[in-house]
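Peer 1: Below are the C-alpha cells for one structure; questions will follow.
Bear in mind these aren't lab numbers, they're just calculated from the coordinates by the rules spelled out. Just so it is clear, the structure is predicted and the values come from calculations on it, not from any experiment. Because the Cβ atoms are built from the backbone with ideal geometry, glycine has one as well, and the counts that use them run over all protein chains shown.
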Amino acid sequence: MKKLFIEGMHCASCASNIERSLKKIKGVKSVNVSLMTRKAIVDVDSTVKDDDLKKAISRTGYKLIKIEE
Amino acid sequence: MKEEISLEELEIRSWKKRLVWSWSFTIPIVFLMYFSKLTGMMLFEEKTMIILQLILAFPVIFIFGSQTIKAGFRGFYTFYFSMDSLIALGTVIAYLTGILQFVFDIQDYSGISAMIMSIFITGKYIESVARGKAGKEIKKLIELGAKNARVLRSNKEIEIPISEVKIDDVMIIKPGEKIPTDGIVIKGESSVNESMITGESLPVDKKKGSNVIGATINQYGILYVKATKIGQDTFLAHVIDLVEQAQSSKVPIQKLADKITSIFVPVILILSILTFFGWYLFFDELTKGIGAAISVLVIACPCALGLATPIALTVSSGIGAKNGILIRKGEAIQTMKEIKFVVFDKTGTITKGEPEVREIYSLIDEKKLMLITASLENLSEHPIAKSIVKKANLKKYLEVKNFKIVSGKGVGGSISNKKIFIGNEKLMKENEISLKSIQAKIDDFENKGYTTMIVSENKKIIGIIGVADAIKEDSVRAIKILNKKGYKTIMITGDNERTARAIASQVGITMVISNVLPEDKSKKVKELQKKGKVAFVGDGINDAPALKNANVGIAIGTGTDIAIEAGDIILTNGSLMGVVKAVNLSKATFSKIKQNLFWAFAYNVFAIPLAVMGILHPVVAEIAMASSSITVVANANLLRRKKI
C-alpha cells in the first residue's frame, strides 16, 4: 500500500483520469483516488517503481509530490 | 519549527491570487462592454473596442488562466480530458473570435472569454474554501496531537519534542496539560478529558494501571504515564487514518456518477462540435453556432457529479469523529438504511463487561466454598472467574491438579483428590451431576439476571454463585430509541435462556438468542440474515467474526481498547447511544448524498440541452456551472445542522 500525495487535482474528472492512468501500470493491483484528500491509495507489487507512479501521474497533467509507504 | 502549510491552503491561496488578478483585468472589460449598451454612448470606435478587449483579455486567459489552459490542452494529445479541457477550449475559441472577426463576419466573444475564465476561477476559489470547511473537523484532529513531552531521563525531567519520545519513557503530565502519547498510568491520580477523541463529555477517572490516550487533557492531578504507543501506532493516529480512509471510500450509489464522470468530458467535446455544426449547417448561423458551442463547453460540469458523494462523506466523517463515531467504510452508510435487525452482544456492549459476584448460596461453609472456587478460577482468565477471585480476596490458594477449561461452559480440576467442577448447567449435565436439590435456587438466581456458576465436589453440589454484570447507563435509553425507530433489537449471549431474558427485559429487548458459544455468534448472524439485513454491535473481543459477517458491524469500546479492524463503524466511547447516533448520521449522510446526486444530475440534464439550443449566453452558462458545484459543496456542509 502506498499513499501518493498529488498536486493540482481539483475536479472529479482529474481524479478519474489519475485513476485510469495509474491502473495502466503493470503490477498495480488497486487504485483509489480521493478528490477530497488529494491522495491516491495504490496497492502495488514489488515490480512497480516509484518513478512509474510519478510518470503515470504527470502524464495526466498533475504532480506527484510525496509517497508514503 | 517551521509550520508546514497544507497543500489545501496553498491551493486556496493560489486560486485567490488568480481571482484578484483576473478580475482586475476583467472588470474594465465588463465596463467597456456594457457602458455603451446601457448608455448608448460609444467610448471608442468599435474596432478599438475589440482591440482593447483583446489586450485586456489576453493576460486573463493566458497568464492567470495558464494553468487551466495548459492542463486543458494537454488532454488533447494525451487523451486524458478533464474539466480544464472544456474551459480551455471554450475560452480560447471565444478569444479567437475577437481576432477572426477581422476576417470573417462573426461576433466578437473575446470579452466574454475573460469573463468566463474569471468566473471559473472564482467558482474554483469558492469551492476550494468550502471544501476546506468540509474537512475542518479532520484538520482539528490532525492538529490535536501534542507537540512536546516532559519525560524522565536519568531521573531528570526534561522537555523534548514528541517525535523523540520512546516507548517505555515515563512522561510527567501536570494538570491542564495534554497527554503526549498513549500510555499507562504508573503513578498519580486524576481525571482526564477525552471528549476530543471519544466525544464523551464527562472526564474519565484515571489511576495507576489505567490506560490513557495521547492528545487528551489531564484535569487536576499530576500523572506519571509510561508511553506504550508512539507515532503512527497511537490511537489518535489510527483515528485520523480511519477518517481519511472513510473520506476516500466509495458508496455504492456513486457508481453511476463515477462512470458518467469518467466519460463526461469527451462526450461534451463531441456534443459541442455537433452543436456548432448543427447551427452552422442546418440554420446557417455561424455566430450563434459558436456561442452555443462555447456555452455547451462551459456549462457542462462533471464536478458537481464527482463531488456529490465524497464531499458529503467528508463532512459526515468529520461530524462522526467529533461524536466518537468513526465510519470506516462508506458502504455502511448506504447499508444502514436497509437494516432490519440490530443484534447486541451482551457482555461489554449492553453491560459494562465487569461482572461482579452478587449473591452466594452455599451448602457448605461459605469460606470453604469460596476457597475451593477461587483456587480453580484463579487459573482462568475469564472475566467471571476474575470476579469470583476478586470476591474471595485470598492471599493463598489450594493446589489444583488437572485443571482444564471447557469453553463456554466452565472449568474443572481436582483439589486434594476431590473432583471439582465450576460452571453452568451444561457442564453439570455433561458430567452427570444432578441439579435437582438446588434447581429452585438456580431458577431464582437466573430470574434475577445472574449468570449462575454451579460448584460441585465429587459430583455433589456444594454451592452456587450468582454473578452479574451492571448494565451501562445509556443502554436502556439507546435501545428504547432504536425500538421506536422500528428496528428489531436482539440480544445475543452465552448465558442461558432465563438469565438472558431477565437482562433483556431490564433493557427493553424482546428477542434473545441465548446459550450461544462465542464461536457460534457469526452463525446466528447468518441465520438472521435470511430474514433481513443485520447490524451487529459488539466489542470485537470474542465476536470479531460476527462483526465482520454482519451487514454493518459496529465495534464498540472505550479508549484504546477497541477492535478497530473488526467494524465498519467504530464507536470510541462505550455508550450505546453511539449506535443511535451512528444510525442517525448514516441516514442523514445518505440522504445528503442522494440530494447532491439528484441536483448534479438534474443540473446537467436540464442545462446542457438549453446550451445546445443556444438559449443560454456563455456567461450565464459559466455562472450556472460554477454555482452547481458550489451548491453541492455548500449543501454537504449543511449536514452539520442535522442533530444526530
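Peer 1: Given the residues B:ILE541, B:ILE554, B:ILE570, which is the only one that is in contact (Cβ under 8 Å) with a residue 60 or more places away in the chain and buried (at least 24 other Cβ atoms within 10 Å of the Cβ)?
Peer 2: Numbers: B:ILE541 fails: buried (at least 24 other Cβ atoms within 10 Å of the Cβ); B:ILE554 fails: in contact (Cβ under 8 Å) with a residue 60 or more places away in the chain.
Just one listed residue meets the conditions, B:ILE570.
Peer 1: Considering only residues that are facing chain B (nearest Cβ under 8 Å), basic (Lys, Arg) and over 8 Å from the mean Cα position of the chain (by Cα), which ones fall in the stretch A:3-46?
Peer 2: Selection gives A:ARG20, A:ARG38.
Peer 1: Now a separate question. Collect the residues in the stretch A:6-39 that are over 17 Å from B:MET83 (Cα atoms), out of contact with any strand residue (DSSP E or B) (no Cβ under 7 Å at 6 or more places or on another chain) and among the hydrophobic types (A, V, I, L, M, F, W, C), keeping them in residue-number order.
Peer 2: Across the stretch A:6-39, the qualifying residue is only A:ILE25.
Peer 1: Ok, one more. Please note which strands (runs of 3 or more DSSP E) are completely contained in the stretch B:310-381 and include at least 2 residues that are touching a residue at least 60 places away in the same chain (Cβ under 8 Å) and within 30 Å of B:SER407 (Cα to Cα).
Peer 2: Fully inside the stretch B:310-381 and qualifying: B:339-345, B:356-362.
Peer 1: Further question on the same structure: Which of (1) surrounded by 22 or more Cβ atoms within 10 Å (Cβ to Cβ); (2) closer than 29 Å to B:LEU305 by Cα does B:PHE76 not meet, given it meets every other one?
Peer 2: Of the numbered conditions (1) surrounded by 22 or more Cβ atoms within 10 Å (Cβ to Cβ); (2) closer than 29 Å to B:LEU305 by Cα, the odd one out for B:PHE76 is (1).
Peer 1: Determine whether B:SER262 is among the small types (Gly, Ala, Ser) and within 14 Å of chain A (Cβ to nearest Cβ). I'd like the intermediate steps shown before the answer.
Peer 2: Values: among the small types (Gly, Ala, Ser): yes; within 14 Å of chain A (Cβ to nearest Cβ): yes.
The answer is yes for B:SER262.
Peer 1: I would also like to ask the following. Within the stretch B:117-139, is there a residue that is within 25 Å of B:PHE25 (Cβ to Cβ), assigned to a helix (DSSP H, G or I), within 14 Å of another protein chain (Cβ to nearest Cβ) and without any contact (Cβ under 8 Å) to a residue 12 or more places away in the chain? Reasoning before the result, please.
Peer 2: First, pick out the residues of the stretch B:117-139 that are within 25 Å of B:PHE25 (Cβ to Cβ): B:117-129.
Right, trim to assigned to a helix (DSSP H, G or I) and you get B:117-129.
Now drop any that are not within 14 Å of another protein chain (Cβ to nearest Cβ), which leaves B:120-129.
If we keep only those that are without any contact (Cβ under 8 Å) to a residue 12 or more places away in the chain as well, we get none.
No, the conditions are met nowhere in the stretch B:117-139.
Peer 1: If a residue has to be out of contact with any Phe, Trp or Tyr (no Cβ under 7 Å at 6 or more places or on another chain) and touching a residue at least 40 places away in the same chain (Cβ under 8 Å) to count, how many in the stretch A:1-17 make the cut?
Peer 2: The qualifying residues number 5.
Peer 1: A follow-up question, please. Quick one: in the stretch B:282-309, which of the residues that are outside any helix (DSSP H, G or I) and over 12 Å from B:SER628 (Cβ atoms) is nearest to the other protein chains (Cβ to nearest Cβ)?
Peer 2: Within the stretch B:282-309, the subset outside any helix (DSSP H, G or I) is B:284-285, B:300-301.
Adding the requirement that they be over 12 Å from B:SER628 (Cβ atoms) leaves B:284-285.
On the way: B:ASP284: 34, B:GLU285: 30 Å.
The qualifying residue nearest to the other protein chains (Cβ to nearest Cβ) is B:GLU285.
Peer 1: Being polar (S, T, N, Q) and assigned to a loop (DSSP other than H, G, I, E, B) is the filter here; which residues of the stretch B:425-444 pass it?
Peer 2: Step one: list which residues in the stretch B:425-444 are polar (S, T, N, Q), which gives B:431, B:434, B:437, B:439.
Hits for the stretch B:425-444 are B:ASN431, B:SER434.
Peer 1: Does the stretch B:131-153 hold any residues that are of a type in the set (A, V, I, L, M), within 22 Å of B:GLU8 (Cα to Cα) and surrounded by 18 or more Cβ atoms within 10 Å (Cβ to Cβ), and which are they? It would help to see each step written out before you state the result.
Peer 2: Filtering the stretch B:131-153 for residues of a type in the set (A, V, I, L, M) gives B:134, B:138, B:141-142, B:144, B:146, B:149, B:151-152.
Filter once more, keeping what is within 22 Å of B:GLU8 (Cα to Cα): B:134, B:138, B:141-142, B:144.
Those that are of a type in the set (A, V, I, L, M), within 22 Å of B:GLU8 (Cα to Cα) and surrounded by 18 or more Cβ atoms within 10 Å (Cβ to Cβ): B:ALA134, B:ILE138, B:LEU141.
Peer 1: How about the stretch B:251-267: which of its residues are of a type in the set (A, V, I, L, M), part of a helix (DSSP H, G or I), touching a residue at least 60 places away in the same chain (Cβ under 8 Å) and under 16 Å from A:SER16 (Cα atoms)? So that I can check it myself, show each step before the final result.
Peer 2: We begin by selecting, within the stretch B:251-267, every residue of a type in the set (A, V, I, L, M); these are B:251, B:253, B:256-257, B:260, B:263, B:265, B:267.
Those still in the list that are part of a helix (DSSP H, G or I) too: B:253, B:256-257, B:260, B:263, B:265, B:267.
Imposing the further condition that a residue be touching a residue at least 60 places away in the same chain (Cβ under 8 Å) reduces the set to B:253, B:257, B:265.
Within the stretch B:251-267, B:ALA257, B:VAL265 meet the criteria.
Peer 1: Condition first: within 13 Å of chain B (Cβ to nearest Cβ) and touching a residue at least 60 places away in the same chain (Cβ under 8 Å). Now tell me which residues in the stretch A:47-69 satisfy that. Step through it out loud before you land on a result.
Peer 2: From the stretch A:47-69, those within 13 Å of chain B (Cβ to nearest Cβ) are A:55-66, A:68-69; that's our starting set.
The answer is A:LEU64, A:ILE65, A:LYS66, A:GLU68, A:GLU69.
Peer 1: On the given criteria, is B:ILE197 away from chain A (no Cβ under 14 Å), hydrophobic (A, V, I, L, M, F, W, C) and outside any helix (DSSP H, G or I)? Explain how you work it out, then say what you get.
Peer 2: Details: away from chain A (no Cβ under 14 Å): yes; hydrophobic (A, V, I, L, M, F, W, C): yes; outside any helix (DSSP H, G or I): no.
Here the answer is no, as B:ILE197 does not meet what is asked.
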